[in-house]
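The values are calculated or read from the model by the stated rules, or taken from the named source; none is laboratory data. Keep in mind that what you see is a predicted model, and the values were worked out from it rather than measured. Positions of Cβ are backbone-derived with ideal geometry, glycine not excepted, and every protein chain shown enters the neighbour counts. Accessible surface is based on the protein model in full, side chains and every heavy atom, while ligands, DNA and RNA are left aside. Shrake-Rupley method; radii C 1.70, N 1.55, O 1.52, S 1.80 Å.
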Amino acid sequence: MSRRRFVTASAAAAGAVIGGEALADDLADVPAREPGGVLSAFSARSPYVHIGRIPEATPGKRNIDPADAINSKTPLDRLVGSITPTDLHYERSHAGVPNIDPAKHRLLIHGMTRKQLVLTPDDIMRMPSISRIVFIECTGNGWENWKKADPNLTVQNTHGLVSSNEWTGVPLRYLIDLVGKEARSAWMLAEGGDAAAVARSIPLTEEIMDEAFVAYGQNGEPLRPAHGFPLRLIMPGFEGNLNIKWLRRLKFGDEPWMTRWETARYTQLLANGKAVQFQLRMETNSVITSPSGTMTIRPGYNSITGLAWSGHGRIAKVEVSTDEGRSWQRARMNHPVLPKAQTRFELDWQWNGKPTKIVSRATDEKGNVQPDRKSFIAKTGTNALFHYNAQQTWSIDGDGKVSNVLA
């Protein structure tokens, strides 16, 4: 959409929003100026903004003791833009968050290489770096809707295990060249420094070697402990569990290590009872974040907005249906539209007050289209738990109440 068309459409939408409402006549209707507070070491949120993550233990089990939580979900319904605030980036840990002293931390790089290295975080930070905005998504994102739909769920409940940040670090290719990986080494083991010793075998495709990097920065500051301080592997477009936090070891070899994390844990159970291993890439996905579950809207103008992302590359288009999937309209996508990063989309909508359902679907630059739920379940069955990317449907009743449903 051209800038002129966008401004014209936005002005018309704005007129619909304020139509029939009182406008300020003079400064008497504008709040008075207020004295400011003292400056501090960091900027806190306004006391009028209440926003936070949701700790969970298992799918559908909330309101728990935080000590029992295995993840904490991002409040997608409260965010704007496409970047997730650092402290609201979703968290998934298998043994809590270790308190690592960077002065004592080391990264071992070894295996089928010409030489072995033991590097400190300071060593890594002195190397050539890159910064890149990418999404990270837990493979369990969307698991709330595998078999049934709780109508009382918010989008934070259903899709809160995905976030986008700007990450800064050293390209994996640079480290590979530094140690001299042997040509026949086609796999890499990445191991974390947490008590669970999470470790994953990663195939060394050209794409992965070109795009993966060892990060020490997150949104312009050092990594937060919950997100891997002092070092984390970033794998753009691939399973969240491959983005190993508290990175302590990279080992090169000629076959996968078959750790418990790629045998007993992150495998995909199919409808026929067999399991798929190394289903590593995150698929094309989108979700409407407003209006979404438990919200209430009014007849007339409403702005539909949401997020789209794909592990295959850039989002090419997002379509929205406001009539239960019978027809589709192309949504606007906010810039920048980056590869393997979340993209914000928007659509102006005049709701007539009648019950309906709204849903979005994304298409990426490789032509991958987000499937409807019926097609998705027909292919995967309901025994699975990971890589759920079916279209998310929200139902709106005559009172404007929005609920989670299965299409």
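Below are the figures for this structure:
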{"read-out": "Every residue from region 223-235 that is outside any loop (DSSP other than H, G, I, E, B) and open to solvent by less than 40 Å² (accessible area, probe 1.4 Å)", "value": "A226, H227, R232, L233, I234"}
{"read-out": "Residues satisfying the stated conditions in region 308-328, i.e. at positive phi and either small (G, A, S) or in a strand (DSSP E or B) (or both)", "value": "G313, G325"}
{"read-out": "Close pairs (6 angstrom Cβ cut-off, 6 or more residues apart or separate chains): farther than 18 Å from R314 by Cβ and open to solvent by 30 Å² or more (accessible area, probe 1.4 Å) in region 117-135, at pLDDT 95 or above and in a loop (DSSP other than H, G, I, E, B) anywhere", "value": "V118/R106"}
{"read-out": "Unique residue being closer than 25 Å to T382 by Cβ, open to solvent by 10 Å² or more (accessible area, probe 1.4 Å) and either modelled with pLDDT of 95 or more or in a strand (DSSP E or B) (or both) when the list is N302, N241", "value": "N241"}
{"read-out": "Candidates T343, T305, filtered to the one that is over 21 Å from A407 (Cβ atoms), touching a strand residue (DSSP E or B) at 6+ places or on another chain (Cβ under 6 Å), among the hydroxyl-bearing types (S, T, Y) and in contact (Cβ under 8 Å) with a residue 40 or more places away in the chain", "value": "T343"}
{"read-out": "Tally of residues being of a type in the set (S, T, Y), open to solvent by 30 Å² or more (accessible area, probe 1.4 Å) and in a loop (DSSP other than H, G, I, E, B) across region 363-389", "value": "1"}
{"read-out": "Sole exception among (1) assigned to a loop (DSSP other than H, G, I, E, B); (2) at pLDDT below 95; (3) within 30 Å of R332 (Cα to Cα) for A32, by number", "value": "(3)"}
{"read-out": "Residue in region 164-172 that is within 20 Å of T205 (Cβ to Cβ) and of a type in the set (A, V, I, L, M) present", "value": "yes"}
{"read-out": "Complete set of residues in region 350-362 that are assigned to a strand (DSSP E or B) and open to solvent by 20 Å² or more (accessible area, probe 1.4 Å)", "value": "Q350, K357, R361"}
{"read-out": "Set R45, R53: member being at pLDDT 85 or above, open to solvent by 90 Å² or more (accessible area, probe 1.4 Å) and under 30 Å from R232 (Cβ atoms)", "value": "R45"}
{"read-out": "Region 179-193: number of residues that are on the phi < 0 side of the Ramachandran plot, in contact with a strand residue (DSSP E or B) (Cβ under 9 Å, 6 or more places away or on another chain) and assigned to a loop (DSSP other than H, G, I, E, B)", "value": "4"}
{"read-out": "Test: residue in region 148-156 that is modelled with pLDDT of 95 or more, of a type in the set (K, R) and open to solvent by 70 Å² or more (accessible area, probe 1.4 Å)", "value": "no"}
{"read-out": "Residues being of a type in the set (S, T, N, Q), surrounded by 15 or more Cβ atoms within 10 Å (Cβ to Cβ) and in a loop (DSSP other than H, G, I, E, B) - total across region 195-222", "value": "1"}
